[in-house]
Amino acid sequence: MGAEIKAAKASLHKWEEPCISYNNGAGTVFFSGCSLKCAFCQNSQISSNGFGASVSPEKLGKIFLSLQEKGADNIELVTPTHFLPSILRALDNTKHRLEIPVIYNSGGYELTETIRQLEGYIDVYLPDIKYFSPDISKKYSAAPDYFRYASAAVIEMIKQTGKLTYNEKGGLIKGTVIRHLVLPNCRHDSMKIMDWIAENTSSDCRLVSIMSQYTPFDFIPDAFPELKRRITKMEYNSVVRHAESLGINGFTQDISSAREEYLPIFNLEGIISQEESL
């Protein structure tokens, strides 16, 4: 991606974790591009194919305020890292006018130096920890050093946000929610991630969201036949039970959430106005 912000959608999103989308929905802004090359990415239209429209920092700030006016529970920045300098300019222009939290939704593959730049801007971090094994992260995301960077970044996020804090409606206004998507044939790797979380983070400072929504798409390379199926109940439940045995608190999903209708449709909603599209 270039230096100019590119985004694909800005709208209210009601399908996040209950403490994130607790009333009208999260005010999500989906940015184009990504620092990872996940073979199974559900958002490949924007992460790999570059779909989106150019947005100035000034316009992005207006988008934040528009989402707030629509009743958004928060402003959720989705895969924003590669546009960070411009996003910080947009937040500098609008943070004092935002009465709702700002959420940083990240794939987890972050430099701790980057996360330190966000201190004072971000209220809630929503990172993935996708893999423990460097072999698996290299195979599926071209990032053999994924866990080394993701684990350090998550520690820095938790250090910044501190203890989980909620508003009167149960919405998270301060804290970190670690997401993990269970993949086919990878349940033992998932369990190692749960072990690390239990050993290295405090339950009063983070929640864990264990996701079952893995959806196999036609574009998955033939080199990965194991990814061309959904996960089984046994795979998912074994990870959940392991997390429970470690005292990990957070969220789980029904196995039926692995359905394409739950995935976002990228159509430049909230990014390009009707006047601009004429």
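The values are calculated or read from the model by the stated rules, or taken from the named source; none is laboratory data. Since the structure is predicted, the reported quantities are computational estimates derived from the model, not experimental observations. Cβ: placed from backbone, ideal geometry, glycine included. Neighbour counts: every protein chain shown.
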- Considering only strands (runs of 3 or more DSSP E) wholly within segment 1-83, the ones with at least 2 residues that are at positive phi and buried (at least 17 other Cβ atoms within 10 Å of the Cβ) are none
- Note on the structure: When Lys192 is run through (1) over 25 Å from Gly25 (Cβ atoms); (2) outside any helix (DSSP H, G or I); (3) of a type in the set (D, E, K, R), the failure sits at (2)
- Message: Given the options Lys169, Lys130, Lys163, Lys139, name the one that is touching a residue at least 40 places away in the same chain (Cβ under 8 Å), surrounded by 14 or more Cβ atoms within 10 Å (Cβ to Cβ), assigned to a loop (DSSP other than H, G, I, E, B) and not acidic (Asp, Glu).
- Response: Lys130
- Item | Whichever residue in segment 110-127 is surrounded by fewer than 22 Cβ atoms within 10 Å (Cβ to Cβ) and of a type in the set (Ser, Thr, Tyr) and, among such residues, is farthest from Ile155 (Cα to Cα) | Tyr121
- When the residues of segment 201-233 are filtered to those that are touching a helix residue (DSSP H, G or I) at 6+ places or on another chain (Cβ under 7 Å) and either within 30 Å of Thr165 (Cα to Cα) or in a helix (DSSP H, G or I) (or both), which remaining residue is modelled with the lowest pLDDT? Gln213
- Message: Every residue in segment 34-78 that is among the acidic types (Asp, Glu) and over 25 Å from Cys19 (Cβ atoms), please.
- Response: Glu58
- Of the residues that make up segment 95-107, is at least one surrounded by 15 or more Cβ atoms within 10 Å (Cβ to Cβ) and at pLDDT below 95? yes
